[in-house]
1. What FRET efficiency comes out for the pair ALA251/ASP175, r = Cβ-Cβ distance, R0 = 45 Å, nearest 0.05?
2. With +1 assigned to the C-beta of every Lys and Arg and -1 to the C-beta of every Asp and Glu, and no other charges, what is the dipole magnitude of the stretch 103-209 about the Cα centre in debye, to the nearest 20?
3. In whole angstrom, note down how far apart the Cα centers of the stretch 104-138 and the stretch 5-54 are.
4. With unit charges on the beta carbons (Lys and Arg positive, Asp and Glu negative) and the dipole taken about the Cα centre of the chain, which residue among TRP28, ASN208, LEU85 sits farthest to the positive side?
5. THR50: accessible area at probe 1.4 Å, nearest 10 Å²?
6. Using a Cα distance threshold of under 29 Å, what count of lysine pairs results for the chain when pairs must be 8 or more residues apart or interchain?
7. Which one of PRO140, VAL70, ASN12 is farthest out on the positive end of the charge dipole of the chain, using unit charges on Cβ (Lys, Arg +1; Asp, Glu -1) and the Cα centre as origin?
8. Looking at the chain, do any whole DSSP H helices span at least 30 angstrom along their long axis by alpha carbon and average -1.0 or above on Kyte-Doolittle, and which?
Amino acid sequence: MKRSLFGRLWPNATAVVLFIGFVFPVYWMFATAFKPTGDIISEDPVWFPTDVTFEHFKTATGVDHFWTYVTNSLTVTILAVVFSLIIALAGSFALARMRFKGRRGFIIGFMLAQMAPWEVMIIAMYMIVRDASMLNSLVPLTLFYMMMILPFTILTLRGFVAAVPQELEEAAMVDGCTRVQAFRRVILPLLAPGLMSTSLFGFITAWNEFALVLILNKEAESQTLPLWLSSFRSAFGDDWGATMAASSLFAIPILILFVFLQRKAVSGLTAGAVKG
């Protein structure tokens, strides 16, 4: 009896500890954003903000070119995710349905591309963009972000395409659909969980990327929100209130997207990882 109780207790206790460990930094970030400066720099930590203030948010959004940063981030991220999904749909269908010479090596190559850190290519990326006279442009960022998330997107969607019975596609073609119509009307609706999970992963990857935009885009008019987060540091120290407010604003789109896509994203990641 005691052993059975302990067997049920320790996994729950471990889960609670891990939950607190992961959630507390997020809570501290949001709580600090609403604290007065005196409470932030106080030697005695203020666990719960009592005098709520929005001054830090005004400071964060009052930075020059703030709305330009927002527009650039949304533009680059959304375009990179959309383009990667379009290419990945065709690529995953080919890998799942077609048999051709070198297919296995092609898949292994995608896996290696997913595991390799893209930072090793940052010098080559810079030289290519510089020689093309496209520094301080959003076009290279969009293309590079798309290439960063494309291997994961293709591998995940491949599992979903392989899980759809080929007989459904053949039945649609017998009923008069072309291959493209069968894909659009039969297979594509069944790929919704995979599309949700991969789009969420791609959005987070492109939204958070910092190093590449720092190297390629030196002008404020072509920079994105990750660089905006670094604008609250001066020779006199860090403005922690504004930094936490900016970090909270930066995290809100991802939190909202995750809340809406959570169920489909979790099922998509697990299903795409084991099927095919």
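The values are calculated or read from the model by the stated rules, or taken from the named source; none is laboratory data. Everything numeric in this text was worked out from a predicted model, so none of it was measured. Note: ideal-geometry Cβ built from the backbone for every residue, glycine included; neighbour counts use all protein chains shown. Each accessible area value is taken on the protein alone, full model and side chains, heavy atoms only, with ligands, DNA and RNA left out. Shrake-Rupley method; radii C 1.70, N 1.55, O 1.52, S 1.80 Å.
1. Once rounded, the FRET efficiency stands at 0.40.
2. 100
3. Here the answer is 39 Å between Cα centres.
4. Result: LEU85, furthest along the dipole toward the positive end.
5. Accessible surface of THR50 is approximately 100 Å².
6. 4
7. ASN12
8. Span-like helices in the chain: 2-33, 66-97, 138-163, 240-274.
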